[in-house]
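K.L.:
Could you have a look at this structure, given as structure tokens, before my questions?
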Amino acid sequence: VRTLDAAAAPPSPPPEPVIVSVTPDEVVLNCSASGSVRDQVFNWKKDDDVEVFLYSWGSTYGSGQFAGRVAHFPEALDLGNASIRIKKAEVRDSGIYTCRFPRSSPVLRSEISLRVGASSEPLIRMVDGGPDRALLQCEVKGAHPRPAVQWQDSSGRVLPAQETESEERDGRFYVTVRANVSRSDNYSCVVTQEEFCHQINSTTFVDLGELWIYTTATNN
């Protein structure tokens, strides 16, 4: 669960974004006011016009792409907590969120910029081989933003590799990288999204004598 705090206040420049990776994650967007908000009205919107959540004197409403995925914290209303949580965050949830108390004077509001990333476990397979070599292929499907993909041996040395495919579809990236290896060892395909401080890798053991591989995955 990732969170960001924003006390209700007059309009101000958007703060630094919250960055989350879709695994999928639950995102908590924090907003608060002084005193209880149980008998007040507050709402959340995305990019100024997309309705996300409305609380009105005990009644709640979630709509559109957020229906069934957004909720508040009813037990914390008396503490001034107007925060919401978004379940199963998606890339399309990225945007600037506004928490607003429309009936206060002056109107109180706060903004949070949310960025959601996606990454999937890299898929490893051997596409060619012989008694003294193997051609390994790593596929990354549906990542956002574009990842850096590398092959490494068991010592962490980056191997010479060739990117054979790189395609973007609907904001998602599909990348294929191949590397030739000439000895039995553990080899890792490492996928890094520095912008999100996110890294995931799959490791495979290549036995050139038997020409087989065994693969495991690690998500950081």
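The values are calculated or read from the model by the stated rules, or taken from the named source; none is laboratory data. Owing to the predicted nature of the structure, the values given are computational and were not obtained by experimental measurement. Cβ coordinates were reconstructed from backbone atoms using ideal geometry, including for glycine residues, and neighbour counts include every protein chain displayed.
K.L.:
Can you tell me how many residues within segment 37-62 are loosely packed, with under 13 Cβ neighbours inside 10 Å and part of a loop (DSSP other than H, G, I, E, B)?
P.N.:
6
To keep it simple, each residue is scored yes or no on (1) free of Cβ contacts under 8 Å to residues at least 12 places away in the same chain; (2) of a type in the set (Phe, Trp, Tyr); (3) in contact with a Cys (Cβ under 8 Å, 6 or more places away or on another chain).
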{"position": "33", "(1), (2), (3)": "no, no, no"}
{"position": "52", "(1), (2), (3)": "no, no, no"}
{"position": "72", "(1), (2), (3)": "no, no, no"}
{"position": "75", "(1), (2), (3)": "yes, no, no"}
{"position": "82", "(1), (2), (3)": "no, no, yes"}
{"position": "91", "(1), (2), (3)": "no, no, no"}
{"position": "95", "(1), (2), (3)": "no, no, no"}
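K.L.:
Go through segment 105-220 and tell me which strands (runs of 3 or more DSSP E), entirely inside it, have 1 or more residues that are of a type in the set (Lys, Arg) and in contact (Cβ under 8 Å) with a residue 24 or more places away in the chain.
P.N.:
By residue number, 108-118, 123-130, 133-143, 172-181.
K.L.:
Are any of the residues in segment 71-84 part of a loop (DSSP other than H, G, I, E, B), polar (S, T, N, Q) and touching a Phe, Trp or Tyr at 6+ places or on another chain (Cβ under 6 Å)?
P.N.:
yes
K.L.:
Looking at residue 176, is it at pLDDT 95 or above and either touching a helix residue (DSSP H, G or I) at 6+ places or on another chain (Cβ under 7 Å) or polar (S, T, N, Q) (or both)?
P.N.:
When the stated conditions are applied, residue 176 passes them.
K.L.:
Pick from segment 162-198 the residues that are under 13 Å from residue 142 (Cα atoms) and touching a Lys or Arg at 6+ places or on another chain (Cβ under 7 Å): which of them is surrounded by the most Cβ atoms within 10 Å (Cβ to Cβ)?
P.N.:
It comes out as 173.
K.L.:
May I ask you to say which residue of 97, 61, 55 is outside the structural domain of residue 166 (by the TED database) and under 30 Å from residue 199 (Cβ atoms)?
P.N.:
Step by step, each of 97, 61, 55 is checked, and only 97 is outside the structural domain of residue 166 (by the TED database) and under 30 Å from residue 199 (Cβ atoms).
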